[in-house]
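Below is one structure, written out as structure tokens; the observations come after it.
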Amino acid sequence: MLTLSEYEEGLRSGKLLGLRCASCGGVTCHPMPVCQWCGGRSLERTKLSGAGELTTFTVIRVPSEGFEGEVPYIPCLVKTEEGPCVVGRLDYDAERATQAAQELLGKRVRMSGAYTYKGDKFSGGAHSCPVFEVTE
Amino acid sequence: MRDVAIIGVGHTKFGRAKTKKGLELFSEAALQAVDDAGVELKDVEALFQGSALPGFEEGQVMPAAFSAGELGLSPVPATRYEGACASASIAVREAAMWVAAGEFDVVLAGGVERALTMGTLFATRTFSMACHAPTEGPAGLTFPGVFGMAALQYSKNYGVPLEELREKMALVSVKNHRQGALNPLAQFYGKMGDLKVEEVVNSRFVADPLTLLDCCPFSDGAAALVLCSAEEARKYTDEPVFVLGTGQGSGGALSKMAGGDLTKPASRVSSARMAFKRAGLEPSEIDVLELHDCFTIAELIALEGMGFFGWGEAADATADGQTERDGKIPVNASGGLLGRGHPIGATGASQVYWVVKQMRGEAPKGIQIDPVPEYGMTDTLGGDFGTLCHLILGRSKRRK
Ligand SMILES: [Zn+2]
């Protein structure tokens, strides 16, 4: 059992937590009530390595209200070495990312911490996502 | 199930609603549709209204009940449908289902949004609520961001240098703005009709690699339709347009998309296949297509997901002119979301409006397809592939 709140707490203490399926062995991350690969419901908490591959990213220059002070910043999609993809932030220079966009895709990355958005009146409190750095 | 026809259509001017509230915009489109159909308001047995964000725009939830009230329809059932940018399409689909099921004979369906008046910062915040809030919220994803990510993947998947892909994407903006400039109801009527590829590519980045001119605008507007059972349709009009097939699909968080590939959303593939199957038609038989070009790359991805082109082939097909008004498959001849505007909760009904206008031969000069199309289709996307809806329309009833 792993709630979304516990998943986020894990991120803030530097851990990428997920669920391992007793039926297929697959790892689900972020946590869901069923295995994301086979729908199995016998799931046990596991810790992912935080290593993976940069699947894609973007550089946000026109933000949502609440993110004005942060532009430019880089949301990314990472395929972890355990299998599941996660959405997070990429810790990388925005202008370099724009120049070298295609070369960055597929690079090895590793979770280096968490980003916590303080939240607004719609978000039901603060929320965290993993931050990744390029390791090659 | 009974056959269903669209017998009346209405559409406000898209852009900035200087004086009208959401209720008034929807009423304007609804009255046009009722008058166009030649039905009386008292004949309307139910109302199906798409609206994505009225609570944030005007502090109004439950807008469908108040629309029924303003139109004097109450106490008939009136329901709001919300599937982000696909809200109106799922409302129209539900309306068609209820009529097909025999519950109602004559209904009103459509949608409304007032997003331009919210301003870019707040509108972007509320639109991003259609992302998976727990994981995509803190990452600060926006919709241009999601499609920027998809564009980068597209370039990688098919080995297209990014600069080359950006120019091909820009051709979508050039095409749809050319068409939108000819559409009197479009947000950009008379504007940007001679947009150049360089202008799109060189406008400022919103979310890499998408520039401002790769993105549709925020818009206010409404569109509405009158649907009725096919056996009743000839009572009201000589030119009913029949609903031949519909489809709907859903998707979860972006990170759960198969293989992390944003260019091949299963929600769209499944929804489109459902609609084609119900209609007994194939992509090659469609003569007019209004699809969800919220961003230039979105048009390419949509064409492939629906099966109009193979994976990775839509960019070259676009560059080859195959999606022009006189091409193999005319796409967004009305201007699409890029040129016509995108009042999100109204967009699906607007797409149907323009397909119906094409099938009646009533589209404006420069937009009307020649010869008059026999079969048409709409594609509407809500969220980051969370809700997909397709409608296939025809000038004659289902074959079977
Ligand atoms: Zn499993």
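When you scan segment B:323-347, how many residues do you find that are surrounded by fewer than 21 Cβ atoms within 10 Å (Cβ to Cβ) and part of a helix (DSSP H, G or I)?
0
Tally the residues that are assigned to a loop (DSSP other than H, G, I, E, B) and either of a type in the set (D, E) or surrounded by 24 or more Cβ atoms within 10 Å (Cβ to Cβ) (or both), restricting the search to segment B:18-43.
Going through segment B:18-43 one residue at a time, the tally reaches 1.
Can you spot a residue in segment A:65-74 that is more than 9 Å from chain B (Cβ to nearest Cβ), over 18 Å from B:D261 (Cα atoms) and within 16 Å of the ligand (Cβ to nearest atom)?
no
What tally of residues in segment B:75-126 results from selecting those that are in a loop (DSSP other than H, G, I, E, B) and at pLDDT 95 or above?
12
Look through B:S67, B:S155 and report the one residue that is crowded, with 23+ Cβ neighbours inside 10 Å, assigned to a helix (DSSP H, G or I) and under 22 Å from the mean Cα position of the chain (by Cα).
After applying the criteria, what remains is B:S67.
What single numbered condition from (1) closer than 19 Å to B:H292 by Cα; (2) within 14 Å of chain A (Cβ to nearest Cβ) fails to hold for B:T135?
The single condition B:T135 does not satisfy is (1).
Looking at the structure I just gave you, is B:A84 within 24 Å of B:Q351 (Cβ to Cβ) and touching a residue at least 40 places away in the same chain (Cβ under 8 Å)?
Spelling it out, B:A84 is indeed within 24 Å of B:Q351 (Cβ to Cβ) and touching a residue at least 40 places away in the same chain (Cβ under 8 Å).
Search segment B:155-179 for residues that are closer than 16 Å to B:Q322 by Cβ and pair each with any residue that is of a type in the set (F, W, Y) and part of a helix (DSSP H, G or I) when their beta-carbon atoms are under 8 Å apart and the residues are at least 6 apart or on different chains.
none
I need the full set of residues from segment A:7-22 which are surrounded by 13 or more Cβ atoms within 10 Å (Cβ to Cβ) and away from the ligand (no atom under 15 Å from the Cβ), in order please.
A:Y7, A:E8, A:E9, A:G10, A:L11, A:R12, A:K15, A:L16, A:L17
Please state which one of B:E299, B:E290, B:E282 is among the acidic types (D, E), at pLDDT 95 or above and surrounded by fewer than 24 Cβ atoms within 10 Å (Cβ to Cβ).
Residue meeting the stated conditions: B:E282.
All but one of (1) in contact with a strand residue (DSSP E or B) (Cβ under 6 Å, 6 or more places away or on another chain); (2) surrounded by fewer than 22 Cβ atoms within 10 Å (Cβ to Cβ) hold for B:R125; which doesn't?
Of everything listed in (1) in contact with a strand residue (DSSP E or B) (Cβ under 6 Å, 6 or more places away or on another chain); (2) surrounded by fewer than 22 Cβ atoms within 10 Å (Cβ to Cβ), B:R125 misses just condition (1).
Checking A:R41 against (1) within 16 Å of the ligand (Cβ to nearest atom); (2) over 22 Å from A:A126 (Cα atoms); (3) within 11 Å of chain B (Cβ to nearest Cβ): exactly one of these is not met. Which one?
(3)
Among A:A22, A:A94, which is modelled with pLDDT of 95 or more and at the interface with another protein chain (Cβ under 10 Å from one of its Cβ atoms)?
Checking each option against the conditions leaves just A:A94.
Looking for whichever is farther than 19 Å from A:L11 by Cα, out of contact with any His (no Cβ under 9 Å at 6 or more places or on another chain) and away from the ligand (no atom under 16 Å from the Cβ) here; the options are A:E81, A:E95. Which one fits?
Within the list A:E81, A:E95, the selection yields A:E95.
Starting from segment A:23-35, take each residue that is near the ligand (Cβ under 8 Å from one of its atoms) and list its partners that are outside any loop (DSSP other than H, G, I, E, B), counting only C-beta distances under 7 angstrom and pairs at least six apart or across chains.
So the pair list comes out as A:T28/A:G18; A:T28/A:L19; A:T28/A:C21; A:T28/A:L43; A:C35/A:C21; A:C35/A:T28; A:C35/A:L43.
Looking only at strands (runs of 3 or more DSSP E) that lie completely in segment A:72-136, which have at least 1 residues being aromatic (F, W, Y)?
Filter on segment A:72-136 gives A:108-117, A:127-134.
Which number in (1) surrounded by fewer than 24 Cβ atoms within 10 Å (Cβ to Cβ); (2) in contact (Cβ under 8 Å) with a residue 60 or more places away in the chain; (3) more than 18 Å from the chain's Cα centre (by Cα) marks the one condition that B:D320 misses?
So the condition that B:D320 fails would be (2).
Do any residues in segment A:70-81 that are within 20 Å of A:H30 (Cβ to Cβ) have Cβ atoms under 8 Å from those of residues that are part of a strand (DSSP E or B) and polar (S, T, N, Q), where the two are at least six apart or on different chains, and which pairs are they?
If the second residue must be part of a strand (DSSP E or B) and polar (S, T, N, Q), the pairs left are A:C76/A:T55; A:C76/A:T56; A:L77/A:T55; A:L77/A:T56; A:V78/A:T55; A:K79/A:T55.
If A:G52 satisfies every condition in (1) near the ligand (Cβ under 9 Å from one of its atoms); (2) within 14 Å of the chain's Cα centre (by Cα) but one, which is the exception?
Evaluating A:G52 over (1) near the ligand (Cβ under 9 Å from one of its atoms); (2) within 14 Å of the chain's Cα centre (by Cα) leaves (1) as the failure.
The values are calculated or read from the model by the stated rules, or taken from the named source; none is laboratory data. Quantities reported herein were computed from a predicted structural model and do not represent experimental measurements. Methodologically, a virtual Cβ is constructed for each residue, glycine included, from the backbone with ideal geometry; neighbour enumeration extends over all protein chains shown.
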